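The values are calculated or read from the model by the stated rules, or taken from the named source; none is laboratory data. Please read these numbers as outputs of a predicted model, since none were measured by experiment. Note that each Cβ is placed from the backbone with ideal geometry, even for glycine, and that neighbours are counted across all protein chains shown.
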Amino acid sequence: MTPQITVQLYSVREQAEADYEGTLRAIADMGFGCVEPAGYPGYTAEKAAKLFADLGLKAPTAHISLPEAEEINQFVEQAQMMGHQYVITGCPPGFKENYTSLDRVKAMAEKYCQVSEKLAPHGLQIGYHNHDWDLAMVEGERGYQVFLANTPESVLYEADIFWVARAGLNPAEFIREIGARGKALHFKDGIVSDGADFKEAETESGRIMVSDAIPFRAAGTGQVDLIEASKAVEHAEYIAVELDSFEGDMMQAVKTSYDYLTSKGIAQGNK
């Protein structure tokens, strides 16, 4: 079955901060039936859940921070209120520090295993969203492969195929490699050959990579072969639109991405 299209709401964070309801209403009007929250600018989770229901939007996936043991109960309560199935870390705790040695990669993997065990009885799965730096070599091995080898398939891997391509890997092969873990994927496009230097920054949604250069493009207008990558999709239930930033009208870029992914049969929406 064709995956449902969703949108990572971090893309429209500036618009959402100015007018959260108006932004979500515009996204629903585009044809999105699903969204992937990363915080709720100016809103509480409770208020956001009501708004989503009013607009007919679902949030089966979300970006979160990996919860500590004492946060699990509250974490589960909020996830169930929002209707999440798959809760995914935009960045791992400790960020790049996890990839300075294989022992650190394995220690990080163990944290995901522990959270996975605690969430399973509640019907929730934890997942990992990649960038390019966590696909690099660590002591002669690919860090992500060590992570996969040290976690069960119940720990998901939300491949961001722009970052996969930027790391010099083949997105289609990567999607095949993660297999059943790829229940949600980011079909991000951009100028892969852009030599932009990304640096770590702290935001309301957690630590991210930012740059003065903006290589991201609407789906179908960049250098990532989204069509070829889509041929490898077998397990995905959700395909996400995401642009970390954009030189131009972000809402139009999201709409262009929706139109491209749905018209090419990569994902399906409500229009």
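Descriptive notes on the structure:
- Residue list for the range 235-271, restricted to those being free of Cβ contacts under 8 Å to residues at least 24 places away in the same chain and assigned to a loop (DSSP other than H, G, I, E, B): G248, D249
- Residue within the range 138-146 that is surrounded by fewer than 22 Cβ atoms within 10 Å (Cβ to Cβ) and in a helix (DSSP H, G or I) present: yes
- Look at (1) touching a residue at least 40 places away in the same chain (Cβ under 8 Å); (2) in contact with a Phe, Trp or Tyr (Cβ under 6 Å, 6 or more places away or on another chain) and you find that A48 fails only one, number (1).
- Filter result for E117 (surrounded by fewer than 18 Cβ atoms within 10 Å (Cβ to Cβ), in a helix (DSSP H, G or I), of a type in the set (D, E) and within 21 Å of the chain's Cα centre (by Cα)): no
- First in the range 68-80 and over 17 Å from P37 (Cα atoms), second anywhere and part of a helix (DSSP H, G or I), Cβ under 6 Å, 6 or more apart: I72/K118
- Taking the numbered list (1) within 22 Å of V155 (Cβ to Cβ); (2) basic (K, R); (3) in contact with a strand residue (DSSP E or B) (Cβ under 8 Å, 6 or more places away or on another chain) in turn, R104 passes all entries but (3).
- Within the range 239-264, the set of residues being of a type outside the set (F, W, Y), under 13 Å from S11 (Cα atoms) and more than 16 Å from the chain's Cα centre (by Cα) comprises E247, G248, D249, M250, M251, Q252, A253, K255.
- Scanning the range 231-247 for residues that are among the acidic types (D, E) and modelled with pLDDT under 95 yields D244, E247.
- The range 84-101 residues that are closer than 22 Å to L185 by Cβ, paired with ones that are among the hydroxyl-bearing types (S, T, Y) and in a loop (DSSP other than H, G, I, E, B) (beta carbon under 9 Å, 6 or more apart): T89/S65; G90/S65; G90/S205; C91/S65
- Within the range 248-257, being farther than 13 Å from T221 by Cβ and surrounded by 17 or more Cβ atoms within 10 Å (Cβ to Cβ) holds for one residue alone: M250.
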